[in-house]
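The values are calculated or read from the model by the stated rules, or taken from the named source; none is laboratory data. In this text the structure is predicted, and so the values were computed from the model without any measurement. For neighbour counting, all protein chains shown are included, and Cβ atoms are generated from backbone atoms with ideal geometry for every residue, glycine included.
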Amino acid sequence: MANHKSALKRIRSNEAKRQRNKYQHKTTRNAVRDLRNTSDKKEAETMLVKVTSMLDKLAKKNIVHKNKAANLKSKLTKHVAAL
């Protein structure tokens, strides 16, 4: 167990950040899944803007790698264009 006040605070803040990152990542994965399952082009185009923004934010915060975000955005854009 930690012996310093700063170490205890670091443990608390790390846990809070982990929970926040986990929530944001899971929410984005669900949005990607919903976008892949949609068949309406109008709805998919509006969803694509939101999902792209979510992926960019995750990449900016290093929750996902920037190349993974780029690959997902590319595949989703192709999917929407093909509808």
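Listed by first and then second residue, the pairs with beta-carbon distance under 9 Å, at least 6 apart or on different chains, first residue in segment 25-51 and farther than 19 Å from His65 by Cβ, second among the polar types (S, T, N, Q) and at pLDDT below 95, are Ala44/Thr38; Met47/Thr38.
Residues are listed down the side, and each one gets a yes or a no for (1) of a type in the set (D, E, K, R); (2) touching an Asp or Glu at 6+ places or on another chain (Cβ under 6 Å); (3) modelled with pLDDT of 95 or more:
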residue	(1), (2), (3)
Leu8	no, no, no
Arg20	yes, no, yes
Thr28	no, no, yes
Lys41	yes, no, no
His65	no, no, yes
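Within the option set Leu8, Leu55, being touching a helix residue (DSSP H, G or I) at 6+ places or on another chain (Cβ under 9 Å) and either of a type in the set (S, T, N, Q) or assigned to a helix (DSSP H, G or I) (or both) holds for one residue only, Leu55. Give segment 35-67 a look and list any residue that's within 20 Å of Arg18 (Cα to Cα) and loosely packed, with under 14 Cβ neighbours inside 10 Å, or say none. Correct list: Lys60, Lys61, Asn62, His65, Lys66.
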